[in-house]
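A.B. asks: Quick one: structure below, then a few questions.
The values are calculated or read from the model by the stated rules, or taken from the named source; none is laboratory data. None of the values given here were measured: they were computed from a predicted structure. All Cβ positions, glycine included, derive from the backbone under ideal geometry; neighbour counts span all protein chains shown. Remember, those area values only see protein heavy atoms, side chains included, never the ligands or the DNA or RNA. Shrake-Rupley method; radii C 1.70, N 1.55, O 1.52, S 1.80 Å.
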Amino acid sequence: MKMIQLLGILWAFNFGHSFAQSALTTFNIRAHSPNISEVGIYQYDFAQEKMKELKSFSGLIGVKTFSLEFTEPSIYQVRLDNGQQMRIAVEKAGVINLKWNGSIEMVSEVATESDFGKTIEDLNHRFFSDLKEDYDKAIREGNQAKLAKLEVIKDELLVDFVLAMEQEVRAMGPSAAAFDALAYFDLHKNFAFLQEMTSLIESQFPHAGMTQSLQRNLSRAAAVAEGSLAPKFIGRDLAGNQIELTSFKGNYLLIDFWASWCRACRAENPRLAKLRTQYLEKGFDILSISQDSEIAPYKKAMEKDGLTWSQIHDADRAITRLYLVSSLPSNFLL
């Protein structure tokens with residue numbers, strides 16, 4: 001098995017330099033810049049599903065080295081104390097050269113920068129840039145007829161958008177990069193595709209941490225799938241009042257995950273208000289759960305959109321994670 005060398009933040013690095021091969025992942029960090037005093041190296045913990053710090057170096061002069069055994073493809077991250085960072089999908093043993101030249105740069109034959117968020121930004125611009133402008137204008141003007149038409153167009157474009165996302169990931173094959181990209185997919189709306197990619201990765205890496213992580217997520221999604229008993233939760237509104245899911249027992253309840261900055265959510269809110277007015281006396285109600293971090297725009301959106309029903313402020317995303325919500329708006333009818 002070959003050695004992986006993650007050469008982090010190499011100023012004045014000679015990319016023609018060769019290194020001995022071994023069964024280690026080795027970070028060689030060279031720093032001479034007065035602007036960078038600390039570098040942290042992290043690895044994704046598949047069991048805890050978060051980044052775990054492996055090593056940090058401060059007061060860097062010359063070269064610092066940190067090694068660990070390479071066992072399987074994984075996700076690493078290099079973080080600088082100036083806020084810059086790079087997420088890296090390491091697929092196999094080899095050399096990974098990183099240098100800082102105003103930004104972090106990498107050259108490698110065995111790893112790639114893992115930034116599927118940038119891919120989604122590009123696809124968003126390709127599919128929705130014109131539509132966003134029309135949405136903003138219709139929302140400002142309160143033009144419900146226009147918003148209804150835009151919703152139809154949005155739904156049609158969304159189908160092609162998701163297919164394009166899927167093609168980008170399929171092109172990665174069974175890899176750590178694909179695993180990392182799958183975090184951007186909705187476990188409910190894209191369940192079949194996630195099953196497909198999990199099977200593909202499992203066929204190549206049956207015992208790997210990323211395979212086990214994907215399998216756990218599929219199991220969690222099944223627990224909140226159609227026909228399952230809704231997970232119970234307790235939250236609070238902006239006034240601090242406690243709201244329990246069980247208090248709505250006996251009603252048809254629509255749990256609506258949204259945020260004030262979500263255009264599609266804002267377009268949907270007036271329709272939800274109309275539905276609630278129409279069916280409230282027949283036992284239908286709505287419980288909205290907001291992901292807003294800033295209070296002012298949240299309050300303004302509730303007032304402007306006429307949201308008079310129960311609202312939970314899920315700032316820490318605890319309920320959002322419980323229901324595996326990864327895109328907005330998301331709705332569950334109980």
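A.B. asks: For region 285-331, which residues satisfy the criterion of being of a type in the set (A, V, I, L, M, F, W, C) and either open to solvent by less than 30 Å² (accessible area, probe 1.4 Å) or part of a loop (DSSP other than H, G, I, E, B) (or both)?
C.D. replies: Ile286, Leu287, Ile289, Ala301, Leu307, Trp309, Ile312, Ala315, Ile319, Leu324, Val325, Leu328
A.B. asks: Can you go through Asp180, Asp186 and tell me which one is in contact with a strand residue (DSSP E or B) (Cβ under 9 Å, 6 or more places away or on another chain), at pLDDT 90 or above and among the acidic types (Asp, Glu)?
C.D. replies: Being in contact with a strand residue (DSSP E or B) (Cβ under 9 Å, 6 or more places away or on another chain), at pLDDT 90 or above and among the acidic types (Asp, Glu) holds for just one of Asp180, Asp186, which is Asp180.
A.B. asks: From the residues in region 60-117 that are small (Gly, Ala, Ser) and not in a loop (DSSP other than H, G, I, E, B), which one is surrounded by the fewest Cβ atoms within 10 Å (Cβ to Cβ)?
C.D. replies: For region 60-117, the residue satisfying everything is Gly62.
A.B. asks: Condition check: without any contact (Cβ under 8 Å) to a residue 24 or more places away in the chain and under 17 Å from Phe116 (Cβ atoms). Does Thr211 satisfy that?
C.D. replies: Details: without any contact (Cβ under 8 Å) to a residue 24 or more places away in the chain: yes; under 17 Å from Phe116 (Cβ atoms): no.
Spelling it out, it is not the case that Thr211 is without any contact (Cβ under 8 Å) to a residue 24 or more places away in the chain and under 17 Å from Phe116 (Cβ atoms).
A.B. asks: Another question about this same structure. For the condition modelled with pLDDT of 95 or more and under 23 Å from Ala138 (Cβ atoms), what is the one hit in Asp256, Asp305, Asp292?
C.D. replies: Answer to the selection: Asp256.
A.B. asks: Search region 70-91 for residues that are free of Cβ contacts under 8 Å to residues at least 60 places away in the same chain and closer than 10 Å to Ile104 by Cα and pair each with any residue that is outside any loop (DSSP other than H, G, I, E, B) and of a type in the set (Gly, Ala, Ser) when their beta-carbon atoms are under 7 Å apart and the residues are at least 6 apart or on different chains.
C.D. replies: Once the first residue is free of Cβ contacts under 8 Å to residues at least 60 places away in the same chain and closer than 10 Å to Ile104 by Cα and sits in region 70-91, its partners that are outside any loop (DSSP other than H, G, I, E, B) and of a type in the set (Gly, Ala, Ser) give Arg79/Gly40.
A.B. asks: Does Ile120 satisfy the condition of being more than 19 Å from Ser213 (Cα to Cα) and more than 19 Å from the chain's Cα centre (by Cα)?
C.D. replies: For Ile120, the condition - more than 19 Å from Ser213 (Cα to Cα) and more than 19 Å from the chain's Cα centre (by Cα) - is not met.
A.B. asks: Of all residues in region 192-202, count the ones that are within 19 Å of the chain's Cα centre (by Cα), of a type in the set (S, T, N, Q) and surrounded by fewer than 17 Cβ atoms within 10 Å (Cβ to Cβ).
C.D. replies: Counting residues in region 192-202 that are within 19 Å of the chain's Cα centre (by Cα), of a type in the set (S, T, N, Q) and surrounded by fewer than 17 Cβ atoms within 10 Å (Cβ to Cβ) gives 1.
Results for (1) closer than 21 Å to Asn331 by Cβ; (2) open to solvent by 70 Å² or more (accessible area, probe 1.4 Å), shown as yes or no for each residue.
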{"position": "Gln204", "(1), (2)": "no, yes"}
{"position": "Thr211", "(1), (2)": "no, no"}
{"position": "Asn217", "(1), (2)": "yes, no"}
{"position": "Gly227", "(1), (2)": "yes, yes"}
{"position": "Asp237", "(1), (2)": "yes, no"}
{"position": "Phe248", "(1), (2)": "yes, no"}
{"position": "Leu253", "(1), (2)": "yes, no"}
{"position": "Phe257", "(1), (2)": "yes, no"}
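A.B. asks: Which numbered condition in (1) closer than 30 Å to Leu150 by Cβ; (2) modelled with pLDDT of 90 or more is the only one that Ala221 fails?
C.D. replies: (2)
A.B. asks: Look through Arg271, Arg266 and report the one residue that is open to solvent by 80 Å² or more (accessible area, probe 1.4 Å), assigned to a helix (DSSP H, G or I), under 20 Å from Arg140 (Cβ atoms) and of a type outside the set (Ser, Thr, Tyr). Reasoning before the result, please.
C.D. replies: On the way: Arg266 fails: open to solvent by 80 Å² or more (accessible area, probe 1.4 Å).
After ruling out the rest, the residue left standing is Arg271.
A.B. asks: To continue, here is another question. With the requirement that a residue be in a helix (DSSP H, G or I) and touching a strand residue (DSSP E or B) at 6+ places or on another chain (Cβ under 9 Å), what does region 214-245 give you?
C.D. replies: Leu245
A.B. asks: Another question, then. Could you list, in sequence order, all residues of region 164-191 that are open to solvent by 70 Å² or more (accessible area, probe 1.4 Å) and over 15 Å from Phe116 (Cα atoms)?
C.D. replies: Matches in region 164-191: Lys189 only.
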